[in-house]
Amino acid sequence: MGSKLYLIKEGEISLKGGNRNLFEKQLRHNIKNKLRPYHSEITKQKGRLYAEISDKAPDEIIRKALSTTPGITGFARAYMAKKSIEGIKTKALEILPSSDFRNGDSFRVTVKREDKTFPMNSHEVSCELADTVFSLYPEMTVNLKNPEHTLTCEIRGDVYLYTDEEKGESGLPYATAGKGMLLLSGGIDSPVAGYMMAKRGMKLDAIYFHAYPYTSEMALEKVKKLASIIAPYLGGLRLFVVPFTEGQEYIRDHGYEEEATLMFRASMMKTSERIARENGGNAIVTGEALSQVASQTLDAMSFTDSMTDLLVLRPLVGMDKEAITAVAERIGTYETSILPYEDCCVVFSPKHPVTRPVKEVVTRHFEELKMEEMIDKAVKNTVVYSFDPMGNEINE
């Protein structure tokens, strides 16, 4: 059985000193897990991983797997050449016709000569390879600062050639920094929050609070779609769908109208803590940004934080909507997030919400609601959907 070779560049992992092997081991596991059921072998050399992947694996599957895996700064389909200048030039002549190099485009040659015993220096090899490019594409031009294409040659224990490296997600491999529970709504912010925490090494599951019939089944399908889109960045996830219609109706009917959102968010924190602890989570992740809406003021967030002993992480807290939207567009969640299916937070939002709650007062009001029984019932009736590391829903 044949195989394809991919060169994979690490980033922040290289700074991890004595713990580097643990991060590299997890990264290799994350890559192999995404490429199932295709056979793959991953080895390492000085800041590089080399993945030999079965020919049966489609190129688009490999690219999706590598481009959505945190811990990878860049990757490229690579080809081994004989360790001589003639061997290098011969291999370049073989691979360039199947690359995106075209007459009229600009290019540069980059040579990394780790093996100093190689008889030619980097500049000399670059010149030879540039001549090789011109022999095939005489109308191409050299542009060292901003080329349209790059031909790279790495001379190490072996020699590797590749063209047009693709950018990776950088960051740290997920599952190297504990496990959290993402509060996933149908909006723009929360999927971005999950993506950002995955890039810091956190493994995540997600919770969605569903209030049927106030929120439609289309709203649930929208959230499931968002879960499938972010799953590759998270290494797969489980989506816990919590039925909370009865709880929200109770808050609406028995609480103070202006505090309804705060009471609901307090219930969400209590419920999320229960589910997190039952599933190995030690943090709650939200998509809140400071002062974006009434329930995201300092006073409001301080109150909701007091409802749980778990660490509450808000990776978007200092970002504005424009910056958050830009990330959502890049990772592919934006178009789904703006579909017109509202989540339960919007449906039950009061006309004039309190923005500067007094913690002692709203805490007493929440305790007076006695939500424990409803939270127990909601947790008991929670439905779980699972998504694999490539974003496919798993029927369990």
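Numbers below:
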read-out	value
Given charges at beta-carbon only (K, R positive; D, E negative), |dipole| of the stretch 259-304 in Debye	140
Label point 7 Å beyond Cα of Val383 along Cβ direction - residues of the stretch 234-252 with amide nitrogen under 14 Å	239-245
The chain, helix-only ellipticity at 222 nm - DSSP H runs n ≥ 4, -39,500 (n - 2.57), divided by all residues, nearest 500	-12000 deg cm²/dmol
Protection proxy ranking, peptides 253-265, 308-320, average beta carbon neighbours within 10 Å, highest first	253-265, 308-320
Magnitude of the charge dipole, the chain, Cβ model with Lys/Arg +1 and Asp/Glu -1, debye to 20	1440
Gyration tensor verdict on the chain (Cα atoms; rounded if a/c is under 1.5, prolate if a/b is larger than b/c, oblate otherwise)	prolate
Cβ-placed point charges (K, R +1; D, E -1), dipole of the stretch 288-382 about Cα centre in debye, nearest 20	120
Rounded percent of accessible protein surface that carbon and sulfur make up, the stretch 1-140, 1.4 Å probe	49
Relative packing of 51-58, 138-145, which averages over residues the other C-beta atoms within 10 Å, highest first	51-58, 138-145
The stretch 175-319: relative contact order in percent, alpha carbon pairs under 8 Å with at least 6 residues between	29
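The values are calculated or read from the model by the stated rules, or taken from the named source; none is laboratory data. These figures come from a predicted structure and were not determined experimentally. Glycine also receives a Cβ, built like all others from the backbone with ideal geometry; neighbour counts cover every protein chain displayed. The accessibility values were calculated without ligands, DNA or RNA, using every heavy atom of the protein model including side chains. Shrake-Rupley method; radii C 1.70, N 1.55, O 1.52, S 1.80 Å.
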